[in-house]
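Novice: One structure is given below, represented as structure tokens, and several questions about it will come after.
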Amino acid sequence: MEREGYVSIWLGNFPDDSALMEYAAEDCVEYDEDDGSGIERPSQFSKDFFGGMIWAFDPDFWEREVVG
């Protein structure tokens, strides 16, 4: 999803910072301790914008903020 020289901006309407953070939580993989299998847990943001593909972008460069 990277394009040289481009920045993507998404806007939303959230009542507070915690609602935004819940919606835009980082994607994760939960591992079963018994068999080592993993279950992907995409954020709702990833489901809405990337069809549930986890880590569709580098989260180290991802900023999110509620502006009142």
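The values are calculated or read from the model by the stated rules, or taken from the named source; none is laboratory data. Everything numeric here is computed off the predicted structure, so don't read it as measured data. FYI the Cβ positions are ideal-geometry reconstructions off the backbone, even for glycines, and counts take in every protein chain you see. Keep in mind that these areas ignore ligands, DNA and RNA; they rest on the heavy atoms of the full protein, side chains included. Shrake-Rupley method; radii C 1.70, N 1.55, O 1.52, S 1.80 Å.
Novice: Within region 19-68, can you find the residues that are hydroxyl-bearing (Ser, Thr, Tyr) and outside any strand (DSSP E or B)?
Specialist: Within region 19-68, Tyr23, Ser37, Ser43, Ser46 meet the criteria.
Novice: Right, another one. Could you say whether any residue in region 4-24 is open to solvent by less than 60 Å² (accessible area, probe 1.4 Å) and modelled with pLDDT under 85?
Specialist: no
Novice: I've got another one for you. Kindly establish whether Tyr31 is among the hydroxyl-bearing types (Ser, Thr, Tyr) and surrounded by fewer than 10 Cβ atoms within 10 Å (Cβ to Cβ).
Specialist: No; evaluated as a whole, the condition is false for this residue.
Novice: Still on this model: Does any residue in region 53-68 that is open to solvent by 70 Å² or more (accessible area, probe 1.4 Å) come within less than 6 Å, Cβ to Cβ, of a residue that is modelled with pLDDT of 80 or more and among the acidic types (Asp, Glu) six or more places away or on a different chain, and which pairs are these?
Specialist: Final answer for the pair search is Trp55/Asp27.
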